[in-house]
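The values are calculated or read from the model by the stated rules, or taken from the named source; none is laboratory data. Quantities reported herein were computed from a predicted structural model and do not represent experimental measurements. Heads up, the Cβs are rebuilt from the backbone with ideal geometry, glycines too, and the neighbour counts pull from every protein chain shown.
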Ligand code: ADP
Ligand code: ADP
């Protein structure tokens, strides 16, 4: 069984209109539990479109999607939202932390939204911050953190609800090369410890080479290598 399975995914924008753009044309993905896959694509190839479909934020025109053993191809919005909250963690190029809350609160809030008790949520948040070396920053707001620290907090938030799949869009793309390296290493450690599967879009060939395998998005399809 796969953690995430996409088959025959097709997606076009402005469908049926003169400016129609066919972005995905039969994309296939089978992410095994615990597997970390690099997604490499030139700008405009459809990387964000693919990540949004994989993360149940957007629907495909055709194709099938399975998450943690459940076929969600025809699931309604409520079901997709429930599965997204429970099974998917997102990380973006920019941290998107809530500025008025502390690092710890940013990790606690999504857990409360999912029905976790405050005591458990704080414990898990504290544990996650410790794993990325940020215990001393728990009470700081995002503005008081460096770019690398903000991104590490964003990783913790993405993992707060113990998802089975992590989807990341250029998670270190906004950092300088040295910071990018240490932050990426922290992400890989978290992923390995939690055993989740990850699809991580990156332009950085060195980072791609450190993942289990590489998929390139070309002409609407995912190709090994
Ligand atoms: P990437 O993330 O690889 O840069 P995207 O998935 O954002 O690519 O976009 C893929 C293609 O689809 C691009 O040509 C983009 O201009 C087009 N596109 C994306 N979103 C829309 C939209 N809402 N309407 C029309 N075209 C879009
Ligand atoms: P990095 O080299 O990791 O990007 P910085 O040089 O930006 O780190 O910051 C070094 C330290 O100073 C970090 O621990 C960070 O949390 C702290 N720091 C950065 N900006 C602020 C700020 N505006 N207020 C308080 N602390 C800050």
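So how many residues does the range 49-70 have that are more than 24 Å from residue 192 (Cα to Cα) and touching a strand residue (DSSP E or B) at 6+ places or on another chain (Cβ under 7 Å)?
Matching residues across the range 49-70 total 8.
Can you report the number of residues in the range 94-113 which are free of Cβ contacts under 8 Å to residues at least 24 places away in the same chain and farther than 20 Å from residue 148 by Cα? Steps first, answer last, please.
Taking the range 94-113 and keeping what is free of Cβ contacts under 8 Å to residues at least 24 places away in the same chain, we get 105, 109, 112.
Going one step further and asking which of them are farther than 20 Å from residue 148 by Cα, we end up with 109, 112.
Result for the range 94-113: 2.
Restricting to the range 131-141, and then to whatever is at pLDDT 95 or above and more than 10 Å from ligand 2 (Cβ to nearest atom), can you tell me which residue is surrounded by the most Cβ atoms within 10 Å (Cβ to Cβ)?
Residues of the range 131-141 that are at pLDDT 95 or above, as a first pass: 134-141.
Restricting the remaining residues to those that are more than 10 Å from ligand 2 (Cβ to nearest atom) gives 135, 138-139.
Values: 135: 13, 138: 17, 139: 10.
Across the range 131-141, the extreme among qualifying residues is 138.
What number of residues within the range 114-160 satisfy the criterion of being out of contact with any helix residue (DSSP H, G or I) (no Cβ under 8 Å at 6 or more places or on another chain), without any contact (Cβ under 8 Å) to a residue 40 or more places away in the chain and within 20 Å of residue 93 (Cβ to Cβ)?
0
Could you look through the range 35-56, keep only residues that are at pLDDT 95 or above and in contact with a helix residue (DSSP H, G or I) (Cβ under 8 Å, 6 or more places away or on another chain), and pick out the one that is farthest from ligand 1 (Cβ to nearest atom)?
Here the answer is 36.
Looking for something more than 16 Å from ligand 2 (Cβ to nearest atom), more than 30 Å from residue 63 (Cβ to Cβ) and part of a loop (DSSP other than H, G, I, E, B) - is there at least one such residue anywhere in the range 117-124?
Residues of the range 117-124 more than 16 Å from ligand 2 (Cβ to nearest atom): 117-124.
Narrowing the set further to residues that are more than 30 Å from residue 63 (Cβ to Cβ) leaves 117-124.
If we keep only those that are part of a loop (DSSP other than H, G, I, E, B) as well, we get 117.
Yes; the residues of the range 117-124 include at least one that is more than 16 Å from ligand 2 (Cβ to nearest atom), more than 30 Å from residue 63 (Cβ to Cβ) and part of a loop (DSSP other than H, G, I, E, B).
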